[in-house]
Every structure is written in C-alpha cells, then in structure tokens.
Amino acid sequence: MMRPMARPKMHAEEVETDADLVRRLLAGQFPHWADLPLELVESYGTDHDIYRLGDELSVRLPRIAWATGQAVKEATWLPRLAPHLPLAVPVQLARGEPGDGYPYAWSVYAWLPGENANATIDDLDLAAVDLAGFVRALRRIDTTDAHPRRPRSRGAPLAELDEDVRRAIAELGDRIDAGAALRVWEESLAAPAWDGEELWVHGDLLPGNLLVVGGRLSAVIDFGCLNVGDPACDLQPAWNVFAGSSRERYREELDVDEASWLRGRGWALYQAVMALPYYWDTNPGMVRQASHALRQVLADGADRP
C-alpha cells in the first residue's frame, strides 16, 4: 500500500516513513505480522507515524530523535499504571530495532479503537467526570522509582518556563493578542507554587490523546510526557477540551484551589504558545487545537476578576 501524500516536514531532523519501510521492518523482525493489512493513520501528531496493522495492532515509529524514549517509558510504566486506571491505555506488544535505513527503535502496540476527542464527545459534563476520575486515579499511584523530574519538563514550576513563554509570545507577534497572553501568563506565574509531594502527571491531555467510542471517553494515549511533579499540569483539558459547565465540572471533580487553577491555566497557555510558532506552517491541525486553547485561556483570563 502506498503512503498518501506526505505532510510537510515539521522538524529539521525529521525522518520520513512509508508503508514499504514498515513492511520491510516487520518482515525482518516480526515476520508473523508482515502480511497483515497496513494503513497509515492520519493525525496531527507531531513526533510519531502510526500505521494500523490488521484489525488488532498498530505500528508506531518515531519521526524525530527526541521521541525515541517514549516506547521504553511506556513499556516500563504503563503495565504498572494500567491496573489502577479507569480508562484504557496503550499496550506495547513488541519493540523493534533500527534497520532498513530507519535509525530508531520502533514498536508494535495493541490497536485501541476510537476517534480523538475533537468534537466527538456527546456529553462534555460526563466526559469531565470520566477524565477527572482518570487524573485522580493517576495521582494516587505510588511514585517510588519514578525518574527524577528534569528541568522544564511537565509538572515543573512555571518559573522554569518563563523565558520560553516570553520568547514564543514575542515570536508570534501580532498573530495573537500578545498583551493579553502576557497578562494571563504573569497571573499564573504569580500564583503560589505547588508545595506538596510530586504526583504522577500525564502531561499532555490534549484532544488528540483522548480516544472516544460511542461518544464517551474510552482511552488515554501518548504517555511520552509522563512525569512526576505539580498536578496542576493535568488541568490543561479545562481549556483544551472543556468549556462552560464542563470546565467547572472538571474543576469540581478534582477539587482544585485557586492557585492550582491559575497554574493549570498557565500550563495550557504554555502548550499553546509553544506549539503555535513551531507548527504554524506545517501542522494545521495542531495550530487549530493550540489556537482554540489559547482563545479559551485568554477569554477565561478576561472573565475572571
């Protein structure tokens, strides 16, 4: 099967893949899967190509070097986390080695059915309850043996991100309301820092990483940002997924105080303004999602005293 027209390259050091490459990798390392139907999964993901393999499998190949550690992280932690979580998570079945001109390790996963959460959820209030239940369960899991959090990673103090945010806002210029973005960011930055123990955070709860079956949340995917740190990081769906009553329901279900809410809003702003200039010309789906989140963040900042 031929790959559809390639999307623009998003990264300077990006590696392109196609179905022929995947076939060769499978034939050389997992020949029992090599003859199954194979189809590229179209998405606006930024660091992996995903191919559906038959009815029950998927193949995941990093497009860029920084994504190569995700498979090891998921193989290490998801089997430990999954029994405690109320939504499905990825199950890695095999990990392949570089070969046939492809430079990175790659993985085979069980296929998780569903569509991403962009305009596919029937009841956003119910989804807020479901996702909050997932986040609460994740936070309760023991963090013993978790790798120490790296600077500027998900769950970090917002102060570590300040220089990056200001640079991104300046780069965006008049494409956004830079003054409003800075005001909202500075409000989050001024909120009291998290002084509790570091908890598990998914770190990337965007609509593209939430799967929906029959109108209801069914799974959470892409644990590449899994980390321990400030749990406010996982409040991002309040502005990326929810609005109005569902946003308030998400806050209520997680019992969020004002300082944590402001830090969570800061994380949503950070993710949006970092994505927008980087993907502006190469990933329209990501730009739509980040633009939506930024509008929600700025509107929320304007509405709050």
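The values are calculated or read from the model by the stated rules, or taken from the named source; none is laboratory data. Everything quoted here is computed from the prediction, not taken from an experiment. Note that each Cβ is placed from the backbone with ideal geometry, even for glycine, and that neighbours are counted across all protein chains shown. Surface areas here come from the heavy atoms of the whole protein model, side chains and all, with no ligands, DNA or RNA. Shrake-Rupley method; radii C 1.70, N 1.55, O 1.52, S 1.80 Å.
Which count do you get for residues in region 45-82 that are farther than 14 Å from residue 15 by Cβ and not in a strand (DSSP E or B)? Spell out the reasoning first.
First pass over region 45-82, keeping only residues farther than 14 Å from residue 15 by Cβ: 45, 50-59, 69-82.
So of that shortlist, the ones also not in a strand (DSSP E or B) come out as 45, 54-56, 69-82.
Total satisfying the criteria: 18.
Does any residue in region 159-183 that is farther than 25 Å from residue 229 by Cα and without any contact (Cβ under 8 Å) to a residue 60 or more places away in the chain come within less than 8 Å, Cβ to Cβ, of a residue that is of a type outside the set (Phe, Trp, Tyr) and open to solvent by less than 70 Å² (accessible area, probe 1.4 Å) six or more places away or on a different chain, and which pairs are these?
From residues that are farther than 25 Å from residue 229 by Cα and without any contact (Cβ under 8 Å) to a residue 60 or more places away in the chain, the pairs are 170/178; 178/169; 178/172.
Counting only residues that are open to solvent by 10 Å² or more (accessible area, probe 1.4 Å), give me the helices (runs of 4 or more DSSP H) lying completely in region 204-305 with at least 3 of them.
The qualifying helices (runs of 4 or more DSSP H) are 244-254, 258-279, 284-303.
Which one is farthest from residue 55 (Cα to Cα) among residues in region 30-44 that are in contact with a helix residue (DSSP H, G or I) (Cβ under 9 Å, 6 or more places away or on another chain) and assigned to a loop (DSSP other than H, G, I, E, B)?
Selected residue: 44.
Need pairs with beta-carbon distance below 8 Å; first residue closer than 16 Å to residue 164 by Cβ and within region 275-288, second at pLDDT 95 or above and outside any helix (DSSP H, G or I); sequence gap 6+ or separate chains.
Listed pairs, sorted by first residue: 276/176.
Can you name every residue in region 71-107 that is in contact (Cβ under 8 Å) with a residue 60 or more places away in the chain and within 11 Å of residue 25 (Cα to Cα)?
Hits for region 71-107 are 96, 97, 99, 100, 101, 102, 106.
For region 144-164, state whether one or more residues are within 30 Å of residue 80 (Cβ to Cβ), buried (at least 20 other Cβ atoms within 10 Å of the Cβ) and not hydrophobic (A, V, I, L, M, F, W, C).
yes
Report yes if some residue within region 178-196 is out of contact with any helix residue (DSSP H, G or I) (no Cβ under 6 Å at 6 or more places or on another chain), open to solvent by 80 Å² or more (accessible area, probe 1.4 Å), closer than 22 Å to residue 139 by Cα and not hydrophobic (A, V, I, L, M, F, W, C); otherwise report no.
yes
Going through 52, 60, 24, 80 one at a time, which residue ends up being on the phi < 0 side of the Ramachandran plot, crowded, with 20+ Cβ neighbours inside 10 Å and of a type in the set (Lys, Arg)?
Selected residue: 60, the only one of 52, 60, 24, 80 that is on the phi < 0 side of the Ramachandran plot, crowded, with 20+ Cβ neighbours inside 10 Å and of a type in the set (Lys, Arg).
Within region 37-54, count every residue that is closer than 16 Å to residue 93 by Cα and not basic (Lys, Arg). Quick ask: steps written out before the conclusion?
Initial filter on region 37-54 (closer than 16 Å to residue 93 by Cα): 50-54.
Next cut, not basic (Lys, Arg) only: 50-51, 53-54.
Number satisfying all stated conditions: 4.
On the given criteria, is residue 78 at pLDDT 95 or above, touching a Leu at 6+ places or on another chain (Cβ under 8 Å) and of a type outside the set (Asp, Glu)? Even if it seems obvious, please write down each step before you answer.
On the way: at pLDDT 95 or above: yes; touching a Leu at 6+ places or on another chain (Cβ under 8 Å): no; of a type outside the set (Asp, Glu): yes.
It is false that residue 78 is at pLDDT 95 or above, touching a Leu at 6+ places or on another chain (Cβ under 8 Å) and of a type outside the set (Asp, Glu).
So is residue 35 without any contact (Cβ under 8 Å) to a residue 12 or more places away in the chain and either under 14 Å from residue 107 (Cα atoms) or surrounded by fewer than 19 Cβ atoms within 10 Å (Cβ to Cβ) (or both) or not? Walk me through it before giving the result.
Values: without any contact (Cβ under 8 Å) to a residue 12 or more places away in the chain: yes; either under 14 Å from residue 107 (Cα atoms) or surrounded by fewer than 19 Cβ atoms within 10 Å (Cβ to Cβ) (or both): yes.
Yes.
Restricting the search to region 97-119, which residues are in a loop (DSSP other than H, G, I, E, B) and not aromatic (Phe, Trp, Tyr)? Give the steps one after another, and end with the answer.
Pass one, region 97-119, residues in a loop (DSSP other than H, G, I, E, B): 97-98, 100-101, 103-105, 111-114, 117-119.
97, 98, 100, 101, 103, 105, 112, 113, 114, 117, 118, 119, listed by residue number.
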